[in-house]
Amino acid sequence: MKYYETSTTTVHAPKRILAGKGVKQVNSCTSGERGQLVTTCVIISASGTYIPPVMVFPRKKFKEHMLKGGPPGTLGLANPSGWMNSTLFPEVMDHFIKHTESTKDRPSMLIFDNHESHISIDVVEKARNAGVHILTLPPHTSNKTQPLDVAVFTPFKNYYNSACSSWMIRHPGVPLTIYDISECVAEALTKALTPANIIAGFKKCGIYPLDRNVFSESPSNATLEEESFSRQSTSSVTHENIPATTNVETCEQLTPKKNEDTTANNPNILKEIHFSAPVFGVSQSTTKKGHTEKTTRKETQCNHYRHS
């Protein structure tokens, strides 16, 4: 079974509104600019079922009326920040063991991310005594390996926003509070957590049925190939655009004609000629007042031919 969390706030995102052509202002109701967050935790099974959710409210103590209209069997918890923490997660493990009836004779597996709030000694001991095998996902991979994130939470958020909009229409002039979120979550869960969505999420992540080749390309390998191609392109451009003065003939080609006073017209020509050749760092010479640059013996020879 898979466990994951998502945020449900009192400020929802209204849907787009159809309006007549030329209308400059179209209004839609929402509860405010900044709302309060309630964390909704969902656990699904590869068989297409799910157990009642867990909701963490931004309060110091949980009250039963916070779950008014919520899904039956929902576990209500409280934390001032509204987020899950290591103190509350053992209760989530008890909730999971209660509804799955997991024992050492009938073991089960629970897969979730390895956030510090999910791993504690108390949680590990509870899981070991109840026959629950814990499997954690690598960091920053939930968009590929988490069925809830892949196939469930996107429709859930859409249905949740629709439920909040319907609630605002039924209660004109009344803002949505944390005590009304449970009702909207219940409406959205029944529409989003369908067996088809859940099974499709497990299949797309390659968890069940097991598919070791579900990810055709490794992001790390793709990044390495892109960096290697970038280095090769930079190297080829450098060699093509910078001529190497390896003999006297090349130096003579760079030397201006006698009837052209190029040096007088362009005092930076010596600097440009020096930079057009590869620098190997043999000696130093001064071409401008206060400016010292590295030159080679062959570049000194070029200067001799140039001034003769």
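Grab the beta carbon distance between residue 136 and residue 27, set R0 = 45 Å, and tell me the FRET efficiency rounded to 0.05.
It comes to 0.45.
What a 1.4 Å probe finds exposed on the range 37-117 is 53% carbon and sulfur by accessible area, rounded to a whole percent. A DSSP coil position with no more than 10 other Cβ atoms inside 10 Å describes the following trypsin sites (Lys or Arg not before Pro) in the range 64-123: 104.
Ordered from highest to lowest accessible area with the whole protein assembly present and a 1.4 Å probe, 24, 2 read as 24, 2. Over the range 1-50, the fraction of Cα-Cα pairs per 10 Å bin, rounded to whole percents and listed from the shortest bin up, is 19, 28, 24, 20, 8, 0.
Do any of 15/191; 21/157; 126/203; 61/157 go past 19 Å between their Cα atoms, and which?
Working: 15/191 17 Å; 21/157 29 Å; 126/203 29 Å; 61/157 27 Å.
Table pairs above 19 Å Cα-Cα are 21/157; 126/203; 61/157.
Quote the charge dipole size of the range 113-221 about the Cα centre in Debye, to the nearest 20; the model charges only the Cβ of Lys and Arg (+1) and of Asp and Glu (-1).
So the magnitude is around 320 debye.
Computed 3J(HN,Hα) for the range 176-186, one whole-Hz value per residue from the Karplus formula 6.51 cos²θ - 1.76 cosθ + 1.60 where θ = phi - 60°, is 6, 10, 5, 7, 9, 5, 4, 5, 5, 5, 4, glycine and proline marked x. Of the residues 53, 32, 77, the one whose Cα sits farthest toward the positive end of the charge dipole of the range 21-93, with +1 on the Cβ of Lys and Arg and -1 on the Cβ of Asp and Glu, is 32. Put simply, the amide H of residue 109, placed in the peptide plane, has neighbours under 5 Å in 133, leaving out anything fewer than 5 places away on its chain.
Counting only heavy atoms of the protein chains and using a 1.4 Å probe, residue 136 has close to 60 Å² of accessible surface. Note on residue 7 and residue 116: their simple-model spin labels are 1.9 nm apart, each label 7 Å out from Cα toward Cβ.
The values are calculated or read from the model by the stated rules, or taken from the named source; none is laboratory data. All figures in this text were calculated on a predicted structure; none of them were measured in a lab. Here the Cβ is made from the backbone with ideal geometry for all residues, glycine too, and neighbour counts use every protein chain on show. For the accessible areas, the whole protein counts, side chains as well, though only heavy atoms, and no ligand, DNA or RNA atoms are used. Shrake-Rupley method; radii C 1.70, N 1.55, O 1.52, S 1.80 Å.
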